[in-house]
Amino acid sequence: MVDVKMGDCWSITKDQFDNLEKHTQWGIEFVERYNKFVKDRTDIEISYAKQLRNLSKKYQPKRNSKEEEEQKYTSCRAFLAVLNEMNDYAGQHEVIAENLSGLIFAELSRYIQELKQERKLHFQEGRRAQQHIESCWKQLDASKRRFERDCKEAERAQQHFEKMDADFNVTKADVEKARQQALTRQQMASDSKGEYSSILQNFNKEQHEHYYTNIPNIFQKIQDLDERRIVKIGESMKTFSEVDRQVIPIIGKCLDGITKAAESIDEKQDTQLVIEAFKSGFEQPGDVEFEDFSQAMKRTVSESSLSNSRSEGKQEPKSSKSKGKLWPFIKKNKGSGPEDFSHLPPEQRRKKLQQKIDEINKEIQKEFDQRDALTKMKDVYIKNPQMGDPNSVDPRLAEIGQTIEKLRQEIQKFEAWLAEVEGRLPAKTDQPRRQSELYELQSTVVNNCAQDRESPDGSYTEEQNQDPQLKVAAQSEFDDEFDDEETLVTIGTCKAMYPFEGQNEGTIAMAEGETLSVIEEDKGDGWTRVRRSEDEEGYVPTSYVEVYLDKNAKGAMTYI
């Protein structure tokens with residue numbers, strides 16, 4: 001009965017160790033699975049942050065491009081602010097990934113290794129305790145069996161002695177021998193009994209210590225290990241939450257920044273920028289007068305009659321050639337246009353000239369910076385000849401000086417054009433000048449009617465890709481006409497429908513409703529040459545006047 005109870009205890013102990021070993025192994029695997037989850041979340045955060053940064057970078061305005069110019073609009077600046085906030089938003093996800101990796105994944109990885117090592121030590125200790133008690137049991141069992149065997153042998157020896165002593169045929173020596181053997185066996189049984197008793201007492205002591213001290217201590221250590229594992233999992237999950245919670249205020253600021261960027265959009269300001277960017281500077285045209293074409297029906301004489309051809313010519317308005325020119329629109333130039341941007345409307349031209357001046361100023365400042373750097377280098381070479389030859393810097397300094405001088409001349413030219421547009425130059429005379437004089441002034445915006453003539457607002461109407469030979473021929477013709485201006489005769493009259501200031505070279509001012517003499521009709525360039533008196537003549541926009549030509553005048557056009 002005692003053997004069965006002991007065997008049952010050992011079996012229960014062994015089974016408990018096996019179950020605990022399986023459970024603790026599952027616990028470690030659970031921690032590893034949770035740690036793998038944290039690692040995957042970290043990878044997702046890193047990938048998400050990278051994608052957000054790439055998205056923000058993809059939609060950033062390109063340098064030296066139209067997108068960079070669009071930043072003057074509040075909506076475009078707001079979108080740029082959104083992109084910057086998204087970049088910061090991506091940074092917070094990188095912080096999440098970094099904290100998950102450092103505070104949880106790395107910490108749990110280290111803890112798992114410690115957990116495995118501690119678990120291994122506890123179960124090794126348990127196995128040693130189990131092996132020790134099993135060894136004690138085997139020793140007890142062996143002493144018991146030996147005591148049992150010695151007792152049986154002592155009993156048989158006693159029985160043999162008694163049998164020999166009762167037999168009269170047996171010699172006395174044999175009886176004495178049997179008696180001695182019986183005593184020896186009894187002594188051996190007595191010794192085995194004492195050994196068995198001693199081993200039994202020791203086993204009971206070891207067994208009590210095993211079941212009441214050693215095994216409970218080991219089980220307690222294993223329990224503590226498992227509880228600490230569970231606590232560690234809970235702390236890691238709490239850290240998992242705190243990692244996100246810590247960046248929520250910063251993410252909230254990013255979202256607040258996006259909201260603030262959206263609220264900064266000003267539709268009035270953006271539309272005003274569009275107005276400023278595209279306004280032409282032209283004056284609005286006046287009302288279109290009624291043209292009565294029914295007067296030709298009232299004629300009773302032949303149109304070829306010399307008597308009334310002049311009077312009818314004066315009353316007949318200009319044909320549809322001038323009709324439709326209600327606004328002095330310019331012709332579109334092919335290519336980049338002239339250097340002085342005279343193909344643009346006045347306001348656009350002013351902006352382009354100012355922009356060009358700013359660009360040249362930047363280039364001049366850059367050259368000055370290079371010159372200062374080279375001058376300092378030369379001073380260093382002079383003080384320390386071993387570092388370099390001071391004369392080697394002179395060619396570059398001379399080159400920079402020439403570049404600065406060229407840029408200064410260039411900026412003077414553009415400033416003169418800008419002053420012309422803004423009306424800051426001295427008033428011009430009404431007498432036409434030759435082309436050579438116009439180039440010397442560098443401020444002329446009108447050359448002649450055949451070569452890039454300027455409209456009333458300061459923009460050219462001729463295309464810049466006109467054949468140079470034709471321009472030269474037209475210029476010669478223009479000069480010849482002014483040389484022989486006394487030969488020009490009046491070919492009709494014109495009435496000003498709109499006022500014209502006539503500030504440019506070769507033009508003449510006129511007031512609304514004023515009547516002038518026509519000495520040269522429009523040749524298709526949008527200008528008509530008129531005369532107010534013998535000493536005052538020039539060009540006016542054809543679209544600004546209503547022309548009446550004499551039909552019998554030389555070279556005059558006939559309107560139906």
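The values are calculated or read from the model by the stated rules, or taken from the named source; none is laboratory data. A quick note: this is a predicted structure, and the numbers were derived from the prediction, not measured. Every residue, glycine as well, gets a Cβ built from its backbone with ideal geometry; the counts of neighbours run over all protein chains shown. What goes into the accessible areas is simple: the full protein's heavy atoms, side chains included, and nothing from ligands, DNA or RNA. Shrake-Rupley method; radii C 1.70, N 1.55, O 1.52, S 1.80 Å.
Here the range 253-285 is the region considered, the condition is being at pLDDT below 75 and small (Gly, Ala, Ser), and the residue that is least open to solvent (accessible area, probe 1.4 Å) is Ser280. Inclusion of Gln201 among residues that are within 30 Å of Lys221 (Cβ to Cβ) and in contact with a helix residue (DSSP H, G or I) (Cβ under 9 Å, 6 or more places away or on another chain) is not warranted. Need the failing condition index for Ser11 against (1) open to solvent by 90 Å² or more (accessible area, probe 1.4 Å); (2) modelled with pLDDT under 95, just the number. Every condition holds for Ser11 apart from (1). Of note, Ile265 satisfies the criterion of being among the hydrophobic types (A, V, I, L, M, F, W, C) and outside any helix (DSSP H, G or I). Take Gln220 and decide whether it is surrounded by 11 or more Cβ atoms within 10 Å (Cβ to Cβ) and within 30 Å of Arg146 (Cα to Cα). No. When Glu45, Glu32, Glu67, Glu21 are screened for being touching a helix residue (DSSP H, G or I) at 6+ places or on another chain (Cβ under 7 Å), modelled with pLDDT under 90, surrounded by 11 or more Cβ atoms within 10 Å (Cβ to Cβ) and acidic (Asp, Glu), only Glu21 passes. Of all the listed residues (Lys152, Lys177, Lys163), the sole one being surrounded by 14 or more Cβ atoms within 10 Å (Cβ to Cβ), of a type in the set (D, E, K, R) and more than 60 Å from the chain's Cα centre (by Cα) is Lys177.
Condition check ((1) among the charged types (D, E, K, R); (2) within 30 Å of Glu276 (Cα to Cα); (3) within 31 Å of the chain's Cα centre (by Cα)) across all residues:
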position	(1), (2), (3)
Gln25	no, no, no
Glu29	yes, no, no
Tyr34	no, no, no
Asp43	yes, no, yes
Leu52	no, no, yes
Lys62	yes, yes, yes
Glu85	yes, no, yes
Glu98	yes, no, yes
Arg110	yes, no, no
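Selection of first residues in the range 121-143 that are under 12 Å from Ile215 (Cα atoms) and of second residues that are open to solvent by 60 Å² or more (accessible area, probe 1.4 Å), restricted to Cβ pairs under 6 Å at least 6 apart or on distinct chains, gives the following pairs, ordered by first then second residue: His122/Lys221.
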